[in-house]
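Asks: Got a structure here, written out as structure tokens. Questions coming.
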Amino acid sequence: MALLITLAFILPGIAATVAAYAQRRNVPRATVTCPVDGCGARIDMTGAAPTERSRLTALATDHSRHGGAL
Ligand SMILES: [Zn+2]
């Protein structure tokens with residue numbers, strides 16, 4: 001009986017953990033790096049809205065915006 005009561009408390013906790021993990025996996029994330037060799041500029045995006053994602057992608061791939069005089 002004690003085991004059943006323990007399971008009744010533990011199982012919802014496990015279900016909530018699994019649900020939270022699945023939700024985290026659905027968060028859109030992407031890494032965009034500069035195409036210029038040796039630049040190393042990169043932007044990691046997590047949960048960015050589509051408009052923000054395209055803005056950051058344009059920023060990361062446009063070397064003139066972070067390459068300085070090089
Ligand atoms: Zn660059």
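Asks: Mind checking the per residue accessible area of the chain for me, 1.4 Å probe, whole number of Å²?
Replies: Heavy-atom SASA per residue in the chain reads 79 Å².
Asks: Give me the extension gain from residue 19 to residue 3: residue separation times 0.36 nm, minus the current Cα-Cα distance, reported in nm with one decimal.
Replies: Length gained, residue 19 through residue 3: 3.4 nm.
Asks: For the chain, what D do you get in µm² per second when you plug the Kirkwood radius from alpha-carbon pairs into Stokes-Einstein at 25 °C and 0.890 mPa s?
Replies: 159
Asks: Here's another thing I want to ask about it. On the accessible surface of region 2-65, probed at 1.4 Å, how many percent belong to carbon and sulfur atoms?
Replies: 62
Asks: Mind checking the full-extension length gain between residue 10 and residue 42? Use 0.36 nm per residue of separation minus the Cα-Cα distance, one decimal, nm.
Replies: Result for the pair: 7.4 nm of gain on full extension.
Asks: Shifting gears a bit: Using only alpha carbon pairs under 8 Å that are at least six residues apart, calculate the relative contact order of the chain and give it in whole percent.
Replies: 25
Asks: Starting from the 7 Å offset along Cα-to-Cβ, what nm value, one decimal, do you get for the label separation of residue 30 and residue 56?
Replies: Distance between the two pseudo-spin positions: 1.0 nm.
The values are calculated or read from the model by the stated rules, or taken from the named source; none is laboratory data. Because the structure is predicted, anything quoted here is derived from the model rather than measured. Cβ coordinates were reconstructed from backbone atoms using ideal geometry, including for glycine residues, and neighbour counts include every protein chain displayed. Accessible surface is based on the protein model in full, side chains and every heavy atom, while ligands, DNA and RNA are left aside. Shrake-Rupley method; radii C 1.70, N 1.55, O 1.52, S 1.80 Å.
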